[in-house]
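Structure, as structure tokens:
Coordinate-derived values only; no laboratory data. Being a predicted model, the structure only gives us computed values, none of them experimental. Cβ atoms come from the backbone with ideal geometry, glycine included; neighbour counts cover every protein chain shown.
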Amino acid sequence: MTANYTFAPSYEPSPIPEPAVLPELYQGLLRRRIAAYLIDLVCIGAIAVIMWFACVFLTVLSFGLLGPIVWFMFGLIPLAYHTLLLSGARPATLGMRCFGLELWSMNGERPTFLQALIQTALFYLTIGATCSLILLVALINRRKRTLHDFLAGTVMLRMSAMPLPRHAY
């Protein structure tokens, strides 16, 4: 059974609450995002170790014929990890769940698979291209959104501070 609710009163133009209305949704958001990503790195590393053995096994088993395909797939682990978890029933990676964070579309709905894919791909592209300096964008806007959040049409919220009923998991 799912609970239907909106994030904001009907007088607000956006379904996502403004920081002035519910400041607790945005307090400590940047610290929590960084800590959550560190946990995600550990999870991705654990998956990568397991997949490395599978990749080596498949490469040897196929006498190297599947090598390029298998190792290309190995490189997609971080993209798949973030995209599949962010577009799932609970829009958060394992690290985000530890800190009560969730990624939402600006229209107040869970992100679609395409939004999660765009958000993840842009995250890795912008971080790599700017040596993480692009994250400074989050310091100069009300909702603490990063560049990849803006481009994907998403926002990160501290759902553990949400005073309204939460969605069913």
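Does the chain classify as rounded, prolate or oblate by the C-alpha gyration tensor (a ≥ b ≥ c root eigenvalues; a/c under 1.5 gives rounded; else a/b over b/c gives prolate, otherwise oblate)?
Judged from the Cα gyration tensor, the chain comes out prolate (a/c at least 1.5, a/b above b/c).
Please get the size of the charge dipole for region 23-160, origin at its Cα centre, with Cβ charges of +1 on Lys and Arg and -1 on Asp and Glu, quoted in debye to the nearest 20.
In total the dipole reaches around 420 debye.
Mind ranking 50-56, 76-82 by how tightly packed they are, going by the mean number of other C-beta atoms within 10 angstrom, highest first? Walk me through the numbers on the way to the answer.
On the way: 50-56: 13.3, 76-82: 16.3.
Packing order, densest peptide first, comes out as 76-82, 50-56.
Using Cα pairs closer than 8 Å and at least 6 residues apart in sequence, work out the relative contact order for the chain, in percent. The partial results should precede the final answer.
Details: 212 pairs, mean separation 51.0, N = 169.
For the chain, the relative contact order is 30 percent.
Work out which helices of the chain, taken as complete DSSP H runs, extend at least 18 Å along their axis over the Cα atoms and score a mean Kyte-Doolittle of 1.6 or more, then list them.
Long hydrophobic helices here: 29-61.
Which trypsin sites (Lys or Arg not before Pro) in region 94-148 sit in a loop by DSSP (not H, G, I, E or B) and have at most 11 other Cβ atoms within 10 Å of their own Cβ?
Counting only loop positions with at most 11 other Cβ atoms within 10 Å, the trypsin sites (Lys or Arg not before Pro) in region 94-148 are R142.
Just from its helices, what would the mean residue ellipticity at 222 nm be for the chain, if runs of 4 or more DSSP H residues each count -39500 (n - 2.57) and the sum is divided by every residue, rounded to the nearest 500 deg cm²/dmol?
Calculated mean residue ellipticity at 222 nm is -15500 deg cm²/dmol.
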